[in-house]
Each structure stands twice: as structure tokens, then as C-alpha cells.
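**Q** Take a look at the following structure, please.
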Amino acid sequence: MSRAQGASAVKQPAYSPGDRVRVLKVDAPGHIRTPYYVRGLEGEVERFVGYFRNPEELAYGRYQGEKRALYRVRFLQTQIWPDYTGPRQDTLDVEIYEHWLENARSGA
Amino acid sequence: MKGYHDMGGEPAGPIDTANHELALWEKRVEAILVLLRARGIAVTDENRRSLESLGANVYLNSTYAERRIMAAANNLILKGVITVEELARKLAEVEQRREQLP
Amino acid sequence: MSDHHDHHDHDQDHAHPPGYRHPLQPDADDTLTYPRRLEIAVRELLIEKGIFTAEEVRAGIEEMDGRTPENGARVVARAWADPEFKQELLANPGRACESLGYVMDTTTQLAVVENTPQVHNVIVCTLCSCYPRALLGMPPTWYKSLAYRRRTVREPRAVLKEFGLELPDDVTVRVHDSNADLRYLVLPLRPEGTTDMTEAELAGLVTRDCLVGVAVPRKPGSK
């Protein structure tokens, strides 16, 4: 499933489907594709999507950086929005890059 | 600080669900952007970043196509494909043409 | 938000025959706003510099106009009719669509999310307006609107209601914020009473709105 690698050694995705992960609660300038509304929240890895060039670097014309692991992370709506009125099992999936995630248990 | 483009979850009014056909100029904007990408002049995230740098007032008060062409123009200047001087001169020319119309 | 549309508007899903192309609308000169002057200026400069030609712009528009939601509808109809294709579509969406002649932009990747009796998917791009153009053509104005981008992640059921779709509580609504390089297509649930339909007839049930997730295919014989 992973795409062609760069010159570095074969990488493995850090997370697997089912892993509980937390999105880093980080504020930074620049072009960030992690939506603000999920930062700091815990979700579950739904799948590893693949390796992609980092949009944060591409945005500034730097096309040659190392590819980063991208995951689809699933969140419960009731855990994102305090006023969510729909059923408790409604979910929201967002694609999050590995460098925006940490283990929800240990914080590694 | 949250970017003004990063708007998921913000309150908003009703959605205009009607279909609106794109105007010809709006299609030209899209065609131009596709060609610029094909020429390797800007990648998608450069276009996105440029959109995110338009300023809240412009971003939130312009249509999609308006934002796209303004962001593209900024990118072209940034990359040195066109100069401000060239663009200003051409804009003046366009304005002059319009005034000459009956 | 300003709205400079100088062309005819439509109500909802109006009845045009399949394959109907709206004629290119001439631009009205009395609304030559700054962004429109900018488009003219940028285009002419880039043509003068040999970045592209006027013909290439025209051809680009023709190509965009040639991509319509009928593409996505055909993919869905094939998936409904052919279980092997459906499997391939879910496992390798890009490749499956290519086998039908629909090629994704090389910078993006297609994802297909399947509606089931228990799960209804709806797509939004909160950060911009990412959309599977190869399969659906140009995104509708509502998809690009600030209101859709703001509200769909937070109150999807209220948004769907505005499109005329109400789902019971025992159906999970799953929102996909298409924020990376993936473009999403919803594979709607095949309606009842369609077992004898041809693929072309099946495709006729699948509207653009079904493929984004704000509608479901109508049952044959219903309005």
C-alpha cells in the first residue's frame, strides 16, 4: 500500500487500524491541513492511507522532502462538539499526518 | 491562531442548495489553474497557501472563482512568472478597453 | 458574501435530459469586477509569455465540461450490477475507475465510501473545496459555500435536512472531511425494486447529490 520511497530506508507506519491516537494540540503559522476542530482530540485510526509529500513544505515550493505517513482517523461527533444533538454513534473521519499524532495512551 | 479558511464547526446560516451554472470567466479561471499546474508552475498546496493568505476580509467576502484568480495572481508574482509592473500595465489596458466599449 | 453570477439559476435538480450541456454563458460586460479584470489580465499575460495558448484554455474548458456526474453514476451502476467490480472499486478505487475510462488527476487519489443500511456517508472539504472532479465535474456552488464548509462537520443531519434528506437515528451519519490528497466518492445504497434494471437505467437513478452524500437515489417509480 505504501508508495515508492525516497533514498531513505523502508519506513513503516507508526500506527495501525484500531490504534487510539490523539491529535497534537499545536498552534503554528503556515499551511496546515490538520483542521483546528480536531486538534487535541482523541480518535481511532481507521486506516493507513499511504505516504505523501508534506503539504506544509509543498506550500512553500519545497517539493523534494521526505514523504509522510497519512492516516484516516475517526472521531465520535459527540467528542468533538459539546452541543452535538445527533445520535451518539455518528462519526467524522479526517486525514491526519503522522507528525500530528501521538499515542493516546502513553503520549509517545 | 486559527486560519480564517479553517472554518469547520463555525456557525453559519442556511445553505443555498440551488444549482448555479458557472460563468464562462469562472471556467477560464479553473482552466488557467489546471494549465499552471500542468506547467509545473504551482502545486495544489501552493495554491491553497496563497488562498489562505488573501486576508480574512477578501477571503470571506469573495466567491470561489474570485479567490482562485486572486490567489493565482499572487502566486505568479511570487514565483516571478509575471511582475507587478506587467500586471498593473495589463490591468490598466483592460480597464481602458472596457471604457471604450459603447 | 458577494455573488457575481450573471447567468441563469436553476431550482434544485431540474429535469434536463442526460448529456444536456448548459450553453456557455456570455459574460455581461457591466459586471466586470476587479477579479474578472484580473482573470483577463493574467490570462493575456500568460499567453503573451507563451505559458499556454488561448486554444489550450478553450480546450481545458471543453475537457472540464466533458466531465459530468454521469461519470460517477456509471461507476456506481457498474458496482451495483457487478459484485467483482464493486470489490475492486472499494479496494482500488482509482484503478477501478480507470478501467471504465475515468482517470484521476495524478496529484490526487480517489477514495470510495460505501453507504449501507447502517451507515450514510457525506463528504465535505472544510479547508477549501476538494472534490472528485474526474468523476463529478465541477463542484456545485453549495459545496464550495462557507455555510456548507462550516456546518456539515458539526451538524450534518441539519444540513442533510436542508437538502431534503432525513435519516433515522439508527443510521450512523459519517462525515468525511476531505482535507488531504484524497478525493471522496460516496457509493450509495442500491434502491429496492431495481433488480431488473439495466446498468444505464441504474445510472439514471444516481444524481450528483447522491455521490456527495446529500441525497440518496430515488426508488424507481417514485418522484
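FYI, it's all coordinate maths here, none of it is from the lab. Quick caveat: nothing in here was measured; it's all calculated off a predicted structure. As a convention, Cβ positions derive from the backbone with ideal geometry for all residues, glycine included, and neighbour counts pool all protein chains shown.
**Q** Write out the cysteines belonging to chain C for which the nearest other cysteine Cβ is not under 4.7 Å, or none if no such cysteine exists.
**A** Here C:97, C:128, C:210 come out as lacking a disulfide-compatible partner, given the Cβ-Cβ threshold of under 4.7 Å.
**Q** With a point put 7 Å past each Cα toward its Cβ, work out how far residue C:58 is from residue A:16 in nm, to one decimal.
**A** 5.9 nm
**Q** How large is the translational diffusion coefficient of chain B in µm² per second when you combine the Kirkwood radius over alpha carbon pairs with Stokes-Einstein at 25 °C and 0.890 mPa s?
**A** This corresponds to a translational diffusion coefficient of 155 µm²/s.
**Q** Calculate the all-directions average of the projected area of chain A's alpha-carbon convex hull, and give it in nm². Write down the numbers at each step before the final one.
**A** Values: hull surface 31.0 nm².
Mean projected area for chain A: 7.7 nm², to one decimal.
**Q** Continuing with this model, one more query. Rg to Rh ratio, chain C, alpha-carbon atoms and Kirkwood radius? Don't skip to the answer; put the middle values down first.
**A** On the way: Rg = 18.9 Å, Rh = 19.2 Å.
My calculation puts Rg/Rh at 0.99.
**Q** Give me, ordered by chain and number, the residues 5 or more places off residue A:67 or on other chains with an amide H under 5 Å from its own placed amide H.
**A** A:6
**Q** Using amide H atoms built in the peptide plane, which far-off residues or other-chain residues are under 5 Å from residue C:215 H to H?
**A** For residue C:215, whose amide H was placed from the backbone, the distant partners under 5 Å are C:210.
**Q** Which whole-number percentage describes the relative contact order of chain B, with Cα contacts under 8 Å and a sequence gap of 6 or more?
**A** 26 percent
**Q** Follow-up. I'd like the Karplus ³J(HN,Hα) series for segment A:86-102: coefficients 6.51, -1.76, 1.60, θ = phi - 60°, whole numbers in Hz, and an x wherever there's a Gly or Pro.
**A** Values, residue by residue: x, x, 5, 8, 5, 10, 9, 9, 9, 8, 10, 6, 3, 6, 9, 10, 9 Hz.
**Q** Sequence-distant or interchain residues sharing an amide H contact under 5 Å with residue A:101, placed H: which?
**A** It is A:24, by chain and number.
**Q** How far is it, in nm, from the label point at residue C:116 to the one at residue B:99 when both lie 7 Å from their Cα along the line to the Cβ?
**A** Simple spin-label model gives 6.7 nm for this pair.
**Q** I'd like the distance separating the alpha-carbon centroids of segment C:181-223 and segment B:74-100, in whole Å.
**A** Going from one Cα centre to the other spans 46 Å.
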